[in-house]
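Everything below concerns the one structure shown next.
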Amino acid sequence: MFALIWNDPGIILFILLGILILDNLWSIYLMLREILIVYKVNQVPELLRPYLSQDLFESMRALKLHKSWFFIVNTLWMVVICGCLELYFGFYAFVWELANMMAFAKWMTHEVVVSIIFACILNIYVAIKSVPGRLYEKYCIVSLVKRYPIKWYMQILSFLLDVIISFVVLVIMVVLFIYTVKFLDKYSFLGLYALAILLTVILILLLPVFIDPFIGKRVELQNQSLKAELQRLTRQVGFPMRQVYIIRVRDPNTGSNAFFYGSCCLKRIVIFDTLLYNRGQGNNTRLTSEEMGKGLRDPQVIAVVAHELGHWKYGHFYKAIIMFKTHLLLTLFLFSLFFPHGPIYEAVGFESGLQPTIAGFLIVFGYVLTPYFTLSNVLMLAVTRQFEYQADKFAHTLGHAGNLRLALLKLYADNLSFPISDECYSIWHHTHPTMLQRLARLERLETNRY
């Protein structure tokens, strides 16, 4: 029975269609649960009333509802309907034939060049297909919340930079992937895993170098009182103060944030200036009216940094890397089982014996492994939420639980994050516990202290 299913392209096609439909219907169901929660909450939660007006809450609520309904419509059209039509009518095989037709020179007939053309055609197709959704996001959804205007030439420059970087990365990844698979054959998953580890090491080494130009500019902390408190806190736990960076973000729409990353001498705690009260500016005349009053007071900033120090103290960066690399190894092993199987290619329209490497990558990762990705994602999200609880507890042990609660309330208001979420939706989507869950856990820790 299994052999019949395994070797029948027609059955495999309907299995892939079933996986695509069921996975996305589940996502839509979860989003509908989230929407029902939003409709039920029409008043500012009591905890947020000191920080959030009813008018602003209504804007946040409208934004959340628009984004949620847009997700449902977009998923039904872009993923379910278009995805099913693409699979059923052999769209990927058609694009591969088109890529071969465009390889007009002899040197372009090499599989690597044809694969690059194939990937470029798909990217252009996806970009065109997503134009209506992008327009709605840009001119309808974003307009619901006031944002700082970005100059037109900066938008064009950012777009061109994205295109160039995406193309360079695409070419490099296609070349590495195809040659690794061709040379190592059935052991290619080990080669791909080694490349992934090498890429991770390179990112860890380069991220501290490139974080300034891409996110913003490192600046000195002007608030000497806050600086003294940060020095005391870092000295208390043994973290070098020189590794605490204040970044003046280039995009004023960047949310208030602080995060820890890195290892050994490359570890960093990065604090965006948007996290500081009035962006840490002593001279408020340079602030816009929207920036005035945003950010955290000094004790709340200290509490947030204490939370980030908890991530460092408990080794969450290392644990996250180990977790992800274990997941990646298992993913690549499963990929190596499905990738060489000819009927999978035939199921999506390729002729018998034609198994383009790049097409196999897209089919296996995009459709075949979807059930595994869904379940593994839920497990990894559960782990990251536990990391957040542990970091909160560390801040509590340093005596900052009360200010951390105040910081969470203020940050949700400043970042216009809707404070209520469906529990089931959160389990499947959120890297962090909900604000109410974190507040309740911190309150229990405080209660048990006395």
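The values are calculated or read from the model by the stated rules, or taken from the named source; none is laboratory data. Since the model is a prediction, treat every value here as computed from it, not as a measurement. In this analysis, Cβ positions are derived from the backbone assuming ideal geometry, glycine residues included, and neighbour counts consider all displayed protein chains. Areas reflect the complete protein model, heavy atoms only, side chains present, ligands, DNA and RNA absent. Shrake-Rupley method; radii C 1.70, N 1.55, O 1.52, S 1.80 Å.
Return a yes/no flag: does the stretch 125-133 have any residue that is buried (at least 17 other Cβ atoms within 10 Å of the Cβ) and without any contact (Cβ under 8 Å) to a residue 60 or more places away in the chain. The answer is no, given that none of the residues of the stretch 125-133 is buried (at least 17 other Cβ atoms within 10 Å of the Cβ) and without any contact (Cβ under 8 Å) to a residue 60 or more places away in the chain. Please work out if residue 231 is at pLDDT 75 or above, closer than 30 Å to residue 303 by Cα, polar (S, T, N, Q) and surrounded by 11 or more Cβ atoms within 10 Å (Cβ to Cβ). Against the criterion (at pLDDT 75 or above, closer than 30 Å to residue 303 by Cα, polar (S, T, N, Q) and surrounded by 11 or more Cβ atoms within 10 Å (Cβ to Cβ)), residue 231 qualifies. Annotation for the stretch 7-18: at least one member residue is on the phi < 0 side of the Ramachandran plot, in contact with a helix residue (DSSP H, G or I) (Cβ under 7 Å, 6 or more places away or on another chain), surrounded by 15 or more Cβ atoms within 10 Å (Cβ to Cβ) and not in a helix (DSSP H, G or I). Any idea which residue in the stretch 115-174 is farthest from residue 56 (Cα to Cα), counting only those that are touching a Phe, Trp or Tyr at 6+ places or on another chain (Cβ under 8 Å) and modelled with pLDDT under 85? The extreme case among them is 133. Sort out which residues of the stretch 175-189 are free of Cβ contacts under 8 Å to residues at least 40 places away in the same chain and aliphatic (A, V, I, L, M), and write them in order of number. Those that are free of Cβ contacts under 8 Å to residues at least 40 places away in the same chain and aliphatic (A, V, I, L, M): 176, 184.
Under the condition of being among the charged types (D, E, K, R) and open to solvent by 70 Å² or more (accessible area, probe 1.4 Å), the residues counted in the stretch 66-104 number 2.
In this structure, is residue 337 modelled with pLDDT of 90 or more, among the aliphatic types (A, V, I, L, M) and either over 21 Å from the mean Cα position of the chain (by Cα) or over 25 Å from residue 392 (Cβ atoms) (or both)? Yes, satisfied.
If you go through the stretch 307-318 and keep only what is touching a residue at least 24 places away in the same chain (Cβ under 8 Å) and surrounded by fewer than 15 Cβ atoms within 10 Å (Cβ to Cβ), you end up with just 318. In the set (1) open to solvent by 20 Å² or more (accessible area, probe 1.4 Å); (2) modelled with pLDDT of 75 or more; (3) under 19 Å from residue 412 (Cβ atoms), the condition left unmet by residue 304 is number (1). Give the stretch 28-53 a look and list any residue that's modelled with pLDDT of 85 or more and either of a type in the set (S, T, N, Q) or touching a strand residue (DSSP E or B) at 6+ places or on another chain (Cβ under 6 Å) (or both), or say none. Those that are modelled with pLDDT of 85 or more and either of a type in the set (S, T, N, Q) or touching a strand residue (DSSP E or B) at 6+ places or on another chain (Cβ under 6 Å) (or both): 42, 43.
Checking the stretch 197-218 against the condition returns no match, with no residue being of a type outside the set (D, E, K, R), surrounded by 15 or more Cβ atoms within 10 Å (Cβ to Cβ), at pLDDT 85 or above and touching a strand residue (DSSP E or B) at 6+ places or on another chain (Cβ under 9 Å). Of all residues in the stretch 46-65, those being buried (at least 16 other Cβ atoms within 10 Å of the Cβ), within 21 Å of residue 36 (Cβ to Cβ) and either touching a residue at least 24 places away in the same chain (Cβ under 8 Å) or of a type in the set (Gly, Ala, Ser) (or both) number 6.
Being within 30 Å of residue 384 (Cβ to Cβ), modelled with pLDDT under 85 and open to solvent by 20 Å² or more (accessible area, probe 1.4 Å) is a description that does not apply to residue 287.
When the stretch 4-48 is filtered for residues that are basic (Lys, Arg) and out of contact with any Phe, Trp or Tyr (no Cβ under 8 Å at 6 or more places or on another chain), only 40 remains. Only one of the numbered conditions (1) open to solvent by less than 70 Å² (accessible area, probe 1.4 Å); (2) out of contact with any helix residue (DSSP H, G or I) (no Cβ under 8 Å at 6 or more places or on another chain); (3) modelled with pLDDT of 80 or more is not met by residue 185, and that is (1).
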